[in-house]
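Reviewing the structure listed below.
The values are calculated or read from the model by the stated rules, or taken from the named source; none is laboratory data. This one's a predicted model, so the numbers in the text were calculated from it and none came from an experiment. Cβ: placed from backbone, ideal geometry, glycine included. Neighbour counts: every protein chain shown. Please note that ligands, DNA and RNA were not included when accessible areas were found on the heavy atoms of the full protein model with its side chains. Shrake-Rupley method; radii C 1.70, N 1.55, O 1.52, S 1.80 Å.
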Amino acid sequence: MVFISILLTMFQRLHGERSAQGVYHILRGKRSGQTLQDVENYQLKPFYSLFPNLSTDGYRRQIERLIAEGLIRIENQVVYVTDKGRKNTLHAPWRFNGWEYRGGEREFVKRLALTVQTLSYIRTGQTMFAPIQKELHIQQFVKEFLRRQTVSVDELAKRVHKELVQILSEANLTDLQRTILSYRLTGVQLTAYTWEQIAEALNSPVTSVQIYFLESLHIVLDFIEEHEDMPLVKSLAVGCRVENYLTQSAERSRKLVQQGYSIEQIASLRNLKLSTIEDHMVEMAANVKTFPYEEFVTAEQIQKVWQQIDRLQTKRLRVLKERCAELSYFQLRLIIIHGKRVDS
């Protein structure tokens with residue numbers, strides 16, 4: 001029910017204005033203009049790119065289950081959460097931060113696990129062991145991390161342990177999440193539990209354990225970001241947080257905007273459709289604080305559209321276009337983003 005709870009939470013935030021496929025794209029971390037706009041407009045950043053390997057078949061089965069259990073209904077491809085579905089979303093607020101990490105949390109925990117294992121073995125004089133992480137770039141990262149340290153292995157192990165204890169005791173983790181995190185670490189004479197072993201020990205489905213683990217990594221990384229007194233784990237977290245929120249293509253368009261080119265000129269220079277450049281502009285509006293809205297929409301237009309949004313209780317572009325025919329879809333998208341920026 002944990003994954004289902006996530007789906008129901010997302011569908012509720014979409015207010016019956018998107019298809020099931022839209023949520024699938026968000027969970028997978030698709031970087032299309034529509035997906036990025038939905039993430040911003042419907043406050044779904046925490047769930048972005050949580051499950052980049054989610055299969056189409058697996059997702060479809062979950063949707064079919066939600067329908068069969070009467071938790072959602074689909075009309076004209078749009079998903080609506082039923083009264084029963086709303087009652088079944090009785091979960092404490094999710095504390096994911098998918099928008100900021102987008103898979104980086106998995107890199108962090110691999111580095112951490114290998115560091116703990118390596119220190120555990122070396123401090124007992126054992127230099128030959130099978131590394132828990134086989135990926136070469138993870139091994140190279142940890143080797144370089146250890147090489148930079150100026151204290152003895154024993155002292156380094158004590159300091160890493162101290163920082164981990166601080167995280168487990170002070171970060172806002174549940175007891176369940178602390179247990180799962182601890183079970184996933186390996187040391188001398190202490191092999192990390194498999195997902196199946198943890199699930200059996202906690203009497204919980206494997207998928208639920210993995211989701212709680214994923215959420216705990218986001219909580220831990222947020223905690224590390226906010227604290228300067230844990231330099232070692234902070235070093236292990238370097239690069240795990242997204243630094244540039246724009247797609248590569250949108251970043252190229254942004255640089256041309258800075259040089260003074262119009263969107264029509266950018267489309268011509270890059271040999272792209274105008275609609276593609278408009279997607280880039282919407283992406284910039286959602287992620288660049290200094291975006292020049294005034295070049296595309298007036299304060300009066302913004303006010304008019306948001307009056308319609310409040311009155312109709314919808315952000316569906318087709319509906320808003322009927323009420324504000326003089327505005328383009330591009331302008332409507334910008335105005336919706338502008339309003340979310342003001343509200344946040």
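Answer yes if at least one residue in region 265-282 is at pLDDT below 95 and open to solvent by 70 Å² or more (accessible area, probe 1.4 Å), and no otherwise.
There is no residue in region 265-282 that is at pLDDT below 95 and open to solvent by 70 Å² or more (accessible area, probe 1.4 Å).
This table checks each residue for (1) among the hydroxyl-bearing types (Ser, Thr, Tyr); (2) part of a helix (DSSP H, G or I); (3) out of contact with any Phe, Trp or Tyr (no Cβ under 6 Å at 6 or more places or on another chain); (4) farther than 22 Å from residue 104 by Cα.
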residue: 15; (1), (2), (3), (4): no, no, yes, yes
residue: 36; (1), (2), (3), (4): no, yes, yes, no
residue: 54; (1), (2), (3), (4): no, no, yes, no
residue: 57; (1), (2), (3), (4): no, yes, yes, yes
residue: 60; (1), (2), (3), (4): no, yes, yes, yes
residue: 66; (1), (2), (3), (4): no, yes, yes, yes
residue: 70; (1), (2), (3), (4): no, no, yes, yes
residue: 79; (1), (2), (3), (4): no, no, no, yes
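Yes or no: region 251-259 includes at least one residue that is open to solvent by less than 50 Å² (accessible area, probe 1.4 Å) and in contact (Cβ under 8 Å) with a residue 40 or more places away in the chain.
No.
With crowded, with 19+ Cβ neighbours inside 10 Å and more than 16 Å from the chain's Cα centre (by Cα) as the only criterion, which of 81, 23 stands out?
81 is the lone residue from the list that is crowded, with 19+ Cβ neighbours inside 10 Å and more than 16 Å from the chain's Cα centre (by Cα).
Out of everything in region 235-250 that is open to solvent by less than 60 Å² (accessible area, probe 1.4 Å) and part of a helix (DSSP H, G or I), what residue ends up being nearest to residue 105 (Cα to Cα)?
Among residues in region 235-250 that are open to solvent by less than 60 Å² (accessible area, probe 1.4 Å) and part of a helix (DSSP H, G or I), the one nearest to residue 105 (Cα to Cα) is 236.
What do you reckon, is residue 167 touching a Phe, Trp or Tyr at 6+ places or on another chain (Cβ under 8 Å), of a type in the set (Val, Ile, Thr) and not in a loop (DSSP other than H, G, I, E, B)?
Answer is yes for this residue.
Take the conditions surrounded by 15 or more Cβ atoms within 10 Å (Cβ to Cβ) and either touching a residue at least 60 places away in the same chain (Cβ under 8 Å) or in a helix (DSSP H, G or I) (or both) and apply them to residue 232. Does it pass? Show your work before the answer.
Values: surrounded by 15 or more Cβ atoms within 10 Å (Cβ to Cβ): yes; either touching a residue at least 60 places away in the same chain (Cβ under 8 Å) or in a helix (DSSP H, G or I) (or both): yes.
So residue 232 fits the description; yes.
With the condition kept exactly as written, say whether any residue in region 91-98 is within 25 Å of the chain's Cα centre (by Cα), touching a residue at least 24 places away in the same chain (Cβ under 8 Å), within 25 Å of residue 225 (Cβ to Cβ) and not in a loop (DSSP other than H, G, I, E, B).
Looking only at region 91-98, we keep the residues that are within 25 Å of the chain's Cα centre (by Cα), and these are 91-98.
Subsequent filtering for residues that are touching a residue at least 24 places away in the same chain (Cβ under 8 Å) retains 91, 94-98.
Now narrow it down to the ones that are within 25 Å of residue 225 (Cβ to Cβ): 91, 94-98.
The next check asks that each one be not in a loop (DSSP other than H, G, I, E, B); those that pass are 98.
So far as region 91-98 goes, yes, one or more of its residues are within 25 Å of the chain's Cα centre (by Cα), touching a residue at least 24 places away in the same chain (Cβ under 8 Å), within 25 Å of residue 225 (Cβ to Cβ) and not in a loop (DSSP other than H, G, I, E, B).
Hey, any hits in region 134-148 for a residue that's in contact (Cβ under 8 Å) with a residue 60 or more places away in the chain, open to solvent by less than 20 Å² (accessible area, probe 1.4 Å) and either more than 29 Å from residue 36 (Cα to Cα) or not hydrophobic (A, V, I, L, M, F, W, C) (or both)?
yes
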